[in-house]
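Enquirer: What follows is a single structure, and I will ask about it in a moment.
Derivation of every value follows stated rules applied to the coordinates shown; laboratory data play no part. Everything quoted here is computed from the prediction, not taken from an experiment. Quick reminder, even Gly has a Cβ in these numbers, built from the backbone with ideal geometry, and neighbours come from all protein chains shown.
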Amino acid sequence: MDKYLPLEESNSSTMEWVESHSKRTLDHFAGPDFDARRSALDAILSASDHLVIATKRGDYAYNFHTDGAHPRGLWRRAPWEAYLAYVSPETEPEWEILLDVDALGRAEGKSWVFRGAQLLRPDYTRALITLSEGGQDASITREFDVPSRAFVNPSDAFVKPESKGSMQWYDAETVVVSANFESVDATDNGPYLTESGYPIAARLWYRGMTLSAAAEIIRGETTDVLAGAYYDSTPGYERLVAYRIPDFRTSIVYLVDPWTLEKTELALPRTAEVSLWHEWALADLRYEWEVAGSTFPAGSLVAVPLEQALSGDITDVDALFTPTPTTSLAGVSALHTGLVITTLDNVANKLHLATPTASGWDVQELETDLGEYLSISVGAVEPDVSDDVWVTTTGFTTPTTLFHGSVEGGKLSVRKLRSAPARFDADGLEVRQRWATSDDGTEIPYFVIGQPDALDGAVSSRTLLDGYGGFEVSRLPGYVGTYGKVWLERGGVYAVANIRGGGEFGPAWHQAALREGRHLAYEDFAAVARDLVATGVTTVSQLAAIGGSNGGMLMGNMYTTYPELFGAIVCRVPLLDMKRFSHLLAGASWMDEYGNPDTDDWEYLKTYSPYHNVSDGPHPPILLTTSTRDDRVHPGHARKFMALLEEKGLDAFYYENTEGGHAGAADPVQQALMLALIFTFLDEKLA
């Protein structure tokens, strides 16, 4: 019997418990050090000189900007040529404010958080703006008139009801929408949601028609994660696409006749991630595929003529990327005449250009000389008409930099356009990549950032080890402006572990830590922790671990299974009760990752369910943080874990932000408070 089960409920008793524990934590760590950190962090997060990255639509550059005066942000635009002519802050274009989200929230009495805007081709005079209250995943989408800078009258506008889901343009008089339609349907057309809490259907909605009368494009099963649809508006290749996601690793993709809504499934592996580009279907293979007399290994990116994918008679398959033991696919960006493929080689980015020819596809590496230990991402500027690109680079100590250029003649040429200002003193800091040996002999890479004497093991230093290890998510270099200011500047070391469960080495790296193999991710992280101590970078009493969400479960397992390795642990928006996870919010959608606790899977799940493995100690001090408005990972996980630790008299602290959704914070002010709390906790608890 789970005696802390009531903490999953959102009633007055639970919220009193939340408020008292959060207040205790803030009161405990309050003081000059906390205030100084919070002030320094707020100055960074609320600064007005953030890197301005824009999206080109027509003759304008569109951007979303936050600063101290506008913590919820401004959606704005400037003439494209003026944005591109930027040389220095003095040449910043004059931005036209289209929507002030802070002002909108005050006017409507809502804690709105901006979730994006989609502009309608070809004149871009209308937009669909998505907002969520308090940063939760559930959102509304409302039609916005750009010239008048106002929302369209609701009586004539497209408005998606508040729920998880999406809405996008089909044309000026039609949208594709997926949502919980229960609130708008006059009669019961349910079920409206899957067991995971996501929309089970998508509709084609014409202006002037009630949403309840909109035609259903697709309907999934209640056991699916979700079902939905989207419209590809690429000129010359317009098409309506529908999909079902039975689980996180399976997708069923259909091309839909927009008039009859008849669906034709693409004859591609359902375990592949499928996308469409021009007359091609692209498949990112999670498992080996035997087709047309060839075998394509897991992790490959292949291209199939769309006509063949629709007919099922597949004879032409081109491999655009084939993995090796050290390489994996990181991303694909579609240009006008080809694809830029981003890969990882021992967790370092490389770029390739794939171009269709009369005899197949031509693939060649694009030379870059942008620096070491940097993450490189490529995005198309205007793929309908050009091969112009944005290239963004970022590193642990290197501020994010934006380049503008093009791919011509198989070569990438770029010029630096803008760079974010440095937020901390990185003088003397070094970034190194190291390898630790896990229990089964697997070599685990990790990055470590700090002063040379610390990295050389000459001086042991306070070290913060970060990790995730799930859902094929890769942990790559990225500028650590806030951590740098309050941790690295003070002599601390920061490390990031690339453990199994992630995507750093492709599907096999992820699949090794699925379900009953999850313990491998924890063994990997523990191996990195031991290596940091063995090489003299730090000591156990100076070593802390931090992670959130799936990484929060990683922290829970470090706390319960490897308590002797750490001096402190920070556990953010965590997943901790593996007996109940599939019954809470989106938890049912993660059973492909972890297993089903209502079956025999519980025999292995209980071995890494932190809530069920807390001993009387000793355990390192722990800080648990979550959000009341997290509608993805239920805050009950963190609440119940805290109550259990409190019952056992263990050194534990708890803070629950009332907003923020799964991000834990909804704006720069809340982010600054949360980070100040974390680093003040570490300052007190580490030797």
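Enquirer: Can you give the three extents of the C-alpha atoms in segment 628-687 along their principal axes, from longest to shortest, in whole Å?
Expert: For segment 628-687, the Cα extents along the three principal axes come out at 32, 27, 13 Å.
Enquirer: Let me ask you something else. Two decimals is fine: what is log10 I(q)/I(0) at q = 0.19 Å⁻¹ for segment 325-420, from a Debye sum with one equal scatterer on every Cα and no solvent?
Expert: With no solvent term, the Cα-only Debye profile gives -0.90.
Enquirer: Output the antiparallel fraction of DSSP beta bridges having both residues in segment 399-551, as a percent to the nearest 5.
Expert: Values: 20 of 29 bridges.
Restricted to segment 399-551, the bridges split so that about 70 percent are antiparallel.
Enquirer: Give me the one-decimal Kirkwood hydrodynamic radius in Å for segment 437-685, with the sum taken over alpha-carbon pairs.
Expert: Its Kirkwood hydrodynamic radius stands at 18.1 Å.
Enquirer: Mind ranking 317-325, 192-200, 546-554 by how tightly packed they are, going by the mean number of other C-beta atoms within 10 angstrom, highest first?
Expert: Packing order, densest peptide first, comes out as 546-554, 192-200, 317-325.
Enquirer: What distance in nm lies between label points placed 7 Å from Cα along the C-beta direction at ARG24 and SER48?
Expert: 4.3
Enquirer: Still on this model: Applying a 10 Å radius around every beta-carbon, put 379-388, 267-276, 652-661 in order of their mean neighbour count, most first.
Expert: Numbers: 379-388: 16.2, 267-276: 19.1, 652-661: 23.4.
My ranking of the peptides, most packed first, is 652-661, 267-276, 379-388.
Enquirer: Mind checking the full-extension length gain between ARG270 and GLU92? Use 0.36 nm per residue of separation minus the Cα-Cα distance, one decimal, nm.
Expert: 59.3 nm
Enquirer: Going by how many other beta carbons lie within 10 Å of each one, how would you line up HIS583, HIS662, HIS612, fewest first?
Expert: Fewest to most other Cβ atoms nearby, the residues stand as HIS583, HIS612, HIS662.
Enquirer: What's the exposure ranking of LYS350, LYS3, LYS164, going from fewest to most Cβ atoms within 10 Å?
Expert: LYS3, LYS350, LYS164
Enquirer: Please work out the Cα center distance from segment 242-260 to segment 118-150, rounded to the nearest Å.
Expert: 25
Enquirer: Would you give the gap between the C-alpha center of segment 426-500 and the C-alpha center of segment 177-205, rounded to a whole Å?
Expert: Cα centres, segment 426-500 to segment 177-205: 44 Å.
Enquirer: State the percent of C-alpha pairs, over all pairs in the chain, separated by a distance greater than 43 angstrom.
Expert: The share of Cα pairs beyond 43 Å in the chain comes to 24 percent.
Enquirer: How much length is gained if the chain between LYS579 and PHE248 is pulled fully straight, taking 0.36 nm per residue apart and subtracting their Cα-Cα distance, in nm to one decimal?
Expert: That works out to 117.2 nm of additional length.
Enquirer: Using alpha carbons only, what's the Rg to Rh ratio of segment 563-606 with Rh from Kirkwood?
Expert: 1.08
Enquirer: Using mean Cβ contacts within 10 Å as the protection proxy, how do 473-486, 136-149 order, highest first?
Expert: 473-486, 136-149
Enquirer: Pulled fully out, how much extra length does the chain show between LEU310 and GLU382, if you take 0.36 nm times their separation in residues and subtract their Cα-Cα distance?
Expert: Residue separation times 0.36 nm, minus the Cα-Cα distance, leaves 23.1 nm.
Enquirer: Over the chain, what is the mean sequence separation of C-alpha contacts under 8 Å (at least six apart), divided by residue count, expressed as relative contact order in percent? Provide the component values of the computation, followed by the final result.
Expert: Numbers: 1650 pairs, mean separation 76.1, N = 687.
Answer for the chain is 11 percent.
Enquirer: Calculate the spin-label point distance for ALA85 paired with THR324, positioning each point 7 Å from the Cα along the beta-carbon direction, and give it in nanometres.
Expert: Distance between the two pseudo-spin positions: 4.7 nm.
Enquirer: Shifting gears a bit: For helix 12-29, report the angle its Cα long axis makes with the longest principal axis of the Cα atoms of the chain; keep it between 0 and 90° and round to the nearest 10°.
Expert: 60
Enquirer: To the nearest 0.05, how large is the calculated FRET efficiency for ARG239 and ASP592 if R₀ is 41 Å and r is the Cβ-Cβ distance?
Expert: Plugging the Cβ-Cβ distance into 1/(1 + (r/R0)^6) gives 0.90.
Enquirer: Hey, what angle do you get for helix 550-561 against the long axis of the chain, alpha-carbon based, 0 to 90 degrees rounded to 10?
Expert: With both axes taken from Cα atoms, the answer is about 20 degrees.
Enquirer: Also, I was wondering about something else. Taking the inverse of the average 1/r across all pairs of different Cα atoms in segment 266-362, what Kirkwood radius in Å do you get?
Expert: Computed over Cα pairs of segment 266-362, the Kirkwood hydrodynamic radius comes out at 13.6 Å.
Enquirer: When each pair of different Cα atoms in segment 425-551 is counted once in the 1/r mean, what is the Kirkwood radius in angstroms, to one decimal?
Expert: 14.6
Enquirer: Report, in whole Å, the centroid distance computed from the Cα atoms of segment 633-687 and segment 69-113.
Expert: Taking the Cα centre of segment 69-113 as reference, the centre of segment 633-687 is 32 Å away.
Enquirer: For segment 437-685, what is the relative contact order in percent, using Cα pairs closer than 8 Å and at least 6 residues apart in sequence?
Expert: 17
Enquirer: How high is the FRET efficiency between ASP362 and THR607 when r is their beta carbon distance and R₀ equals 60 Å, given to the nearest 0.05?
Expert: 0.75
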